[in-house]
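The values are calculated or read from the model by the stated rules, or taken from the named source; none is laboratory data. This is a predicted model, so every value here is computed, not measured. Cβ placement follows ideal geometry from the backbone for every residue including glycine, while neighbour counts extend to all protein chains displayed.
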Amino acid sequence: MTATFPKHIPPEGYIPPSRQQEPPREGYKYIGQNMKRVEDPRLLTGNGQYVGDIVLPKMAHAAVLRSDRAHARIKRIDTAKAKALAGVYLVLTGAEAKTMTGPTAQFASPPVVQYCLAVERVRHVGEAVAAVVAESRYVAEDACELIEVEYEDLPVVVDPEAAMTSTGDAVLHPERGPNNIAQQRTFRFGPVDEDFAKADVVVKRTLRWGRSGAQPLETVGCVAAYEPGSGKFTMYTNSSFLNYVGWLVGASLGVPASKLNLIPCMTGGSFGSKLFTHKAMTLAGTLARAAGRPVKYLEDRIDSITSCDNHGSDRLYRCELACKRDGTMLSLRFQVIDDYGAYFQFGVGTHGNSLCQIVGPYRINSVQMELVAVLTNKCQQGAYRGFGSEVTNWMLERMADAAADELALDPVELRRKNLIQPDQFPYVIPSGNIYDSGNYPAVLEEALRIADLPQWKKLRAEARAQGRCVGIGVATCQERSVFSATEFWSLNGTENPGFTLTSSPESTQLRIDPTGTIHVTLGSPCWGNSPETMATQIVAEQFQVDPSQVNVVYADTQSGFNSTGPGGSRFTVMIAGAIVGAAKRVKDKLLRVAGHMMETDVADLELRDGKIGVKGVPGKEKPLGEVALFAHYFRLNLPEGDDFRERARRELRVRPPAHDDAGGRPQPSRDLLPDHGQHVPRGAGRGRPEDRQDVHPRLRCGPRRGHGREPDDARRAHPRRDGAGHRHRALREVPLRRERPARDRDVRRLPDPDARRDAAGDPRRARRDALAVHRVRHQGRRRRRPDGRARSAHASGRGRALVLRRALRRAAAHAAQGARARARGRAAIGVR
Amino acid sequence: MKPPPFEYVRPGSLPEALDALARHGATGRILAGGQSLVPMMNLRLVKPAVLIDINRVPGLAEIRVDGGELVIGALARHAALLGSALVRKHCPLMADAYRWVGHGPIRNRGTLGGNISHADPASEMPAVLAACDATIGVRSAKQSRTIPAAGFFTGALATALAEGEMVTEIRVPLAQPGQGAAWEEAANRKGDFAMAGVGVLVTVAGGKCTHAAIGVAGMAKPGTRLSATEKRLVGTALDAAAIAAAARAAREEVRPSTSYHADATYKRELVETLAARALAAARDRAR
Ligand SMILES: Cc1cc2nc3c(=O)[nH]c(=O)nc-3n(C[C@H](O)[C@H](O)[C@H](O)COP(=O)(O)OP(=O)(O)OC[C@H]3O[C@@H](n4cnc5c(N)ncnc54)[C@H](O)[C@@H]3O)c2cc1C
């Protein structure tokens, strides 16, 4: 099925006016300053309070028996011996669990039904087959060994292309239809055929991006308790999305959200792996209810590796890039087969995400994508850093290099030629997204300057003369800012878009207690970045109080407002605006109370050094605590009226961009920058990247992730029927600190690309282009490694070219990931 | 990833340990550093009924010189050996190779005795000990004996240790003047087991190689020597041509296993590259 979308021209004033709450300025006292992270003392002293640290009275421990088959019918499960083991409270099979708990949460439409324990059939190595609740994890695992399962093996599908034509027993979900295609659809944006007709050259490439995933130090887990009296569940969870979609777990368990309270714990590493964690919650809840006592289920490393929800994209691209002879890119047409594994929890959300930056920073006039989502006998895809858009960046960069190759153009020159120019913003890309501003050429020039390309070219020539394989890769990537769910789910369904425009809010609650401590409640958990430090800085700035006077807490689902939580580099950007908004409301009230107490006009008051004082009159002031105490305990001394009544809560919503008048077409998201950016005082939250203690670790992480996915994982992810895949996964090499590929890198924040001012004369947007330059060393990651001699290829010239090509591909992967290191990273150069 | 139930005994002396070993026979296992045994138990790949923890046995962790030999107690930790001035002086090949063994926390607990008893073919120390013509001191409740390193390793994860026997010490002949040693290795990540490792010991007198020993890791059998290649080197000047020829010979002589991370062809290629480097480095150090 093909859907065609006309190129969309935005009406005048399409980008809404600024909702900036504070104009950008310099000279902040706390924001953007390098302060010690508020989160660190408890983390560094081992008092983080993770799910694993939670202990409830009478709590039992669960372990899961996992399939050692990639695809099999479960013919018989005998749990008698396991049940008879001393210390075992409960043994549950998939068939039994199904009578108590419904399918796990799903975002695909139509869904691929999945249960927290496999029913009748296992579809990947590691799938949960039965669960045991016992007095300890040790006993639970002993009991798992005593469960007898008789399987009837079914044909195993591991090749995504082969999956497209599977029939019979090789079909994983026969109830959905006679094949393993979960979704197939062609999307056409703009005059693709016309543009191809104009091309001098069509560059064709087949590209393969293998699967990779996160490896969080802390695995996914949940402690669940069930009170039969009230029918209520309480769960301690490391989900990042608890205040967003936590209620869906209730739906699986068959209880309304009012009977489910999710309490956030410290989250030990995410990058997608902790977004939802619904399988652990659903399972722990099911077990707790059935066993009649609180249950802790915490994945161990094998559980996590074989049955996680954070495998990333696994794509095969067949691409055609239509170009003029001078290198001008006209149109991009591709088929992408994406191997989603055995289930389909997030549908093709990763491609919605891809589509919102489908042309990267380039002026490509039209795009056609044929999307084929297939199901195979692998662990299902979930959310992993980049959520699919990093793959598109990589594909584009490979195609740019291929075009440069075929047209005998300099790869930098080719890119330069195709960049969207500063005066073309706001720029509507063929898929409908709007890039609001940018100065890509400036970013590229700056990157080239820092990278000192001539020097590297010299080194490359020298190295090659010595027979070493050294390549230089250049990538220019566009990374959209915060998401709204629209872009993920808009491709759902076959007939109609699954969702229309959505909002994905972030909320905060701010209050001052009688001692003057300012409490900020976030709807996220602490997932390891610096949400507390960020919130503390903003609040301290707003109230001019010492950061120690700010207390940041995390809301459970019963007290929290709707909040999306960390994901897609959105949290700081979103919550900063909400905090500023809430702070302003509370500050207003505070000043009114103080004005009354001091018999002064509010306009004459200011906040300074933890006090409220009369402007220009040093010494005439009251400590914030005194005013707060008065407001709490002497309310009757205050005049009647609304002025003194309210509490401030604030939710920041991404305002959906103006409606698309083309009508009815899916909305692969508009760029959401125009809205969110204005809430953030310049430098708020993110600060100057050079200054911030929390930025560099993330930057280093970016290229390392590119590095981590570089072995051709396609070879490795193959589960074997004999279970060998199970063991092999345990051998996957996670790059460690010493394997860091980036030797040095540079981050710059460039001048505001948009010099226009709004009505008030303030800069329209407080945003920046930023760039990251990564010098990636490769063979050097191990100093004493056979230099340049890569596998079986070093002898022949052909081999060398191969290695070089691989090197370039890797450099592009690093760069693509590196660009994600900052949400707005724009250009990255990987030098290898 | 929890081990099945087991009993635990902690002897306070060597005779007590040997007694326990005799008593529990094949169902008992020695626990030294635990860096190989405990992960295997957690994966339920081995299920010993009794663990005999030798960590409190006194005198087992010594590193000393006795006559013409460096004597290393079975319980000497990797970290102690890596940092030992005695090892650097008297067995530079071991010192060189130890830089490639595991990570800090693993080296802090792991022991040389445990390492060779485990006999992982990818492990460095079996190759080092074979190249150095070391001997392994072994005891049971009834007897003690000495096994040459080359005969100690009988296959992947298999040794000449009989039921009831344990390693108590390792004896390495002291390095001699004119000798040079070098270890070269390729592993995917720092601290991983070797895809291939080559240890070289050469003695040079009057510009000619009088003795050469090459031990390789990452091949089918731990503690493998390349005796044919060694013979080719004796009498040569260890010049570039001789080294290149020997490296090619090494490539043919090894019996590589195919592992998950490296197939046999690739391992042969690695051996050639690594052998050439190790030989050149050892030659330079012999001067
Ligand atoms: C992540 C990781 C990386 C590693 N990397 C390397 C590497 O690069 N190179 C390398 O060589 N090793 C490596 N190791 C293994 C490490 O060196 C182990 O410490 C070593 O192999 C076993 O020593 P141990 O003292 O821990 O023995 P244990 O684990 O306690 O025991 C191992 C086996 O030997 C037996 N045993 C122990 N002591 C004796 C004795 N005195 N007599 C008879 N039997 C005994 C035990 O019963 C058991 O069967 C690595 C381990 C890990 C976990």
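Overview of results
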read-out: Qualifying residue in segment B:22-31 (condition: at pLDDT 95 or above and either away from the ligand (no atom under 13 Å from the Cβ) or in the same structural domain as residue B:136 (by TED's automatic domain parsing) (or both)); value: yes
read-out: Filter pass, residue A:96 being within 14 Å of chain B (Cβ to nearest Cβ), out of contact with any His (no Cβ under 7 Å at 6 or more places or on another chain) and at pLDDT 95 or above; value: no
read-out: Test: residue in segment B:179-191 that is more than 9 Å from the ligand (Cβ to nearest atom), assigned by TED's automatic domain parsing to the domain that holds residue B:265, in contact with a Cys (Cβ under 6 Å, 6 or more places away or on another chain) and not small (Gly, Ala, Ser); value: no
read-out: Residue in segment B:95-106 that is outside any strand (DSSP E or B), more than 12 Å from the ligand (Cβ to nearest atom) and of a type in the set (A, V, I, L, M) present; value: yes
read-out: Test result for residue B:251, more than 18 Å from the chain's Cα centre (by Cα) and within 14 Å of chain A (Cβ to nearest Cβ); value: yes
read-out: Hey, residue B:121 assigned to a loop (DSSP other than H, G, I, E, B), of a type outside the set (A, V, I, L, M, F, W, C), more than 15 Å from the chain's Cα centre (by Cα) and more than 7 Å from the ligand (Cβ to nearest atom) or not; value: no
read-out: Qualifying positions in segment B:194-204 - modelled with pLDDT of 95 or more and within 16 Å of the ligand (Cβ to nearest atom); value: B:196, B:197, B:198, B:199
read-out: Test: residue in segment B:5-21 that is of a type in the set (S, T, N, Q), within 14 Å of another protein chain (Cβ to nearest Cβ) and either in a loop (DSSP other than H, G, I, E, B) or within 12 Å of the ligand (Cβ to nearest atom) (or both); value: no
read-out: Single residue of B:251, B:287, B:277 found to be out of contact with any Pro (no Cβ under 6 Å at 6 or more places or on another chain) and over 22 Å from residue A:468 (Cβ atoms); value: B:287
read-out: Lone qualifier among B:218, B:164 - being touching a residue at least 40 places away in the same chain (Cβ under 8 Å), over 26 Å from residue B:102 (Cα atoms) and within 14 Å of the ligand (Cβ to nearest atom); value: B:164
read-out: Leading residue by the ranking (nearest to residue A:279 (Cα to Cα)) among those in segment A:186-231 that are among the hydroxyl-bearing types (Ser, Thr, Tyr) and in a loop (DSSP other than H, G, I, E, B); value: A:219
read-out: Subset of segment B:142-156 [outside any strand (DSSP E or B) and either loosely packed, with under 15 Cβ neighbours inside 10 Å or in the same structural domain as residue B:25 (by TED's automatic domain parsing) (or both)]; value: B:142, B:143, B:151, B:156
read-out: Which numbered condition residue B:86 fails, given (1) within 14 Å of chain A (Cβ to nearest Cβ); (2) away from the ligand (no atom under 14 Å from the Cβ); value: (1)
read-out: Meets criteria (closer than 24 Å to residue B:14 by Cβ, away from the ligand (no atom under 13 Å from the Cβ) and either in contact with a Pro (Cβ under 8 Å, 6 or more places away or on another chain) or in the same structural domain as residue B:226 (by TED's automatic domain parsing) (or both)) for residue B:134; value: yes
read-out: For residue A:371: the one exception among (1) in a strand (DSSP E or B); (2) closer than 30 Å to residue A:66 by Cβ; (3) out of contact with any Phe, Trp or Tyr (no Cβ under 6 Å at 6 or more places or on another chain); (4) of a type outside the set (S, T, N, Q); value: (2)
read-out: Matching residues in segment B:101-122 - criterion: being buried (at least 21 other Cβ atoms within 10 Å of the Cβ) and more than 13 Å from residue B:33 (Cβ to Cβ); value: B:119, B:121, B:122
read-out: Selection from segment B:126-136 of residues that are free of Cβ contacts under 8 Å to residues at least 60 places away in the same chain and surrounded by fewer than 24 Cβ atoms within 10 Å (Cβ to Cβ); value: B:135
read-out: Count of segment B:165-184 residues which are touching an Asp or Glu at 6+ places or on another chain (Cβ under 9 Å), buried (at least 19 other Cβ atoms within 10 Å of the Cβ) and more than 14 Å from every other protein chain (Cβ to nearest Cβ); value: 5
read-out: Where a residue in segment A:96-119 is closer than 24 Å to residue A:491 by Cα and its partner, wherever it lies, is assigned to a loop (DSSP other than H, G, I, E, B) and among the small types (Gly, Ala, Ser), with Cβ under 7 Å and at least six apart; value: A:107/A:347; A:108/A:347; A:109/A:347; A:109/A:493; A:109/A:498
read-out: Candidates B:155, B:207, B:235, filtered to the one that is farther than 22 Å from residue B:91 by Cβ, away from chain A (no Cβ under 14 Å) and modelled with pLDDT under 95; value: B:207
read-out: Within segment A:102-128, considering residues that are under 29 Å from the mean Cα position of the chain (by Cα) and part of a strand (DSSP E or B), the one surrounded by the fewest Cβ atoms within 10 Å (Cβ to Cβ); value: A:128
read-out: Some residue of segment B:34-41 being within 14 Å of another protein chain (Cβ to nearest Cβ) and surrounded by 19 or more Cβ atoms within 10 Å (Cβ to Cβ); value: yes
read-out: Extreme residue, surrounded by the most Cβ atoms within 10 Å (Cβ to Cβ), among residues of segment B:185-203 that are in a strand (DSSP E or B) and within 12 Å of another protein chain (Cβ to nearest Cβ); value: B:198
read-out: Which listed residue, of A:46, A:87, is more than 30 Å from residue A:572 (Cα to Cα) and without any contact (Cβ under 8 Å) to a residue 60 or more places away in the chain; value: A:87
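So that you can scan it fast, the table gives a plain yes or no per residue for (1) within 14 Å of chain B (Cβ to nearest Cβ); (2) in contact (Cβ under 8 Å) with a residue 12 or more places away in the chain; (3) part of a helix (DSSP H, G or I):
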| site | (1), (2), (3) |
| --- | --- |
| A:251 | no, yes, yes |
| A:266 | no, yes, no |
| A:274 | no, yes, no |
| A:285 | no, yes, yes |
| A:289 | no, yes, yes |
| A:303 | yes, yes, yes |
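Yes or no, residue by residue, for (1) of a type in the set (Lys, Arg); (2) in contact with a strand residue (DSSP E or B) (Cβ under 9 Å, 6 or more places away or on another chain); (3) at pLDDT below 95:
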{"residue": "A:173", "(1), (2), (3)": "no, yes, no"}
{"residue": "A:187", "(1), (2), (3)": "no, yes, yes"}
{"residue": "A:217", "(1), (2), (3)": "no, no, yes"}
{"residue": "A:222", "(1), (2), (3)": "no, yes, no"}
{"residue": "A:237", "(1), (2), (3)": "no, yes, no"}
{"residue": "A:249", "(1), (2), (3)": "no, yes, no"}
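Residue-wise test of (1) more than 9 Å from the ligand (Cβ to nearest atom); (2) not assigned by TED's automatic domain parsing to the domain that holds residue B:165.
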site	(1), (2)
B:1	yes, yes
B:49	yes, yes
B:58	yes, yes
B:69	yes, no
B:77	no, no
B:80	yes, no
